[in-house]
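These notes concern the structure reproduced below.
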């Protein structure tokens, strides 16, 4: 599978800066960042496209030189998602680092069917629209997932 380097908002920050911003955001909320949590977050930020838990386990077991259980990876991913540092791309059963972990927002993920790359955007108008619709229905939103699949610019150009 060809992987695109397009990351939209993620491209705004270097890897060390992005990971440090995410870690600081986590610490400000009183959450502990363990070495494994930092390693998983760094791997997510380094990935070219959404990455699955078992791929993360294999990659980090090799990088860290020790066996890491899938359960540990899943617990770490759950923690990162709860903290707003990562998001699960449900259609792929894979994970990405959140581009803006410093504030709460609705993430909108565009996932390329061809190369697997994903881009994340924020859309305040859409957030307000969803909140208004939920309020009109008397509905309390506790989980927001917006994924759009199609073809990224690079894959569209390659197909021409």
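Go through (1) 65, 37, 23; (2) 71, 43, 34; (3) 52, 49, 27 and flag the label whose value is the computed Cα extents along the principal axes in Å for this structure.
Evaluating Cα extents along the principal axes in Å on these atoms matches (3).
Under a GNM of the chain (C-alpha, springs under 10 Å), which listed residue has the highest mean-square fluctuation: 84, 138, 52?
Of 84, 138, 52, the most mobile in the Gaussian network model is 138.
Which value in deg cm²/dmol, rounded to the nearest 500, describes the helix-derived mean residue ellipticity at 222 nm for the chain, given -39,500 (n - 2.57) per DSSP H run of n ≥ 4 and division by the residue count?
Using -39500 (n - 2.57) per qualifying helix, the result is -14000 deg cm²/dmol.
Give me the percent relative contact order of the chain, please, defined on Cα pairs under 8 angstrom at least 6 residues apart.
26 percent
Describe numerically, in nm with one decimal, the distance between label points set 7 Å from Cα along Cα→Cβ at residue 130 and at residue 27.
About 3.0 nm separates the two model spin labels.
Considering only C-alpha atoms, what is the centroid distance from segment 51-83 to segment 92-125, in Å?
Segment 51-83 and segment 92-125 have Cα centres spaced 20 Å from each other.
Only Cα pairs within less than 10 Å get springs; with that Gaussian network setup on the chain, which residue of 129, 41, 28 has the largest fluctuation?
Answer for the Gaussian network model of the chain: 129.
Once the piece of chain linking residue 141 and residue 38 is laid out straight, how much longer is it, given 0.36 nm per residue of separation minus the C-alpha distance between them?
Full extension from residue 141 to residue 38 adds 34.2 nm.
Name the most mobile residue of 37, 128, 75, meaning the one with the largest mean-square fluctuation, in a Gaussian network model of the chain with Cα contacts below 10 Å.
Highest fluctuation among the options: 128.
Only bridges with both residues in segment 8-159 count here: give the DSSP antiparallel percent, nearest 5.
Given both bridge residues lie in segment 8-159, the antiparallel proportion sits at roughly 65 percent.
Where a number appears in this text, it was derived from the coordinates with a stated rule and is not lab data. It should be emphasised that the depicted structure is a prediction, and the values quoted were computed from it without experimental measurement. Counting neighbours? That spans all protein chains shown, and the Cβs are built from the backbone with ideal geometry, glycine included.
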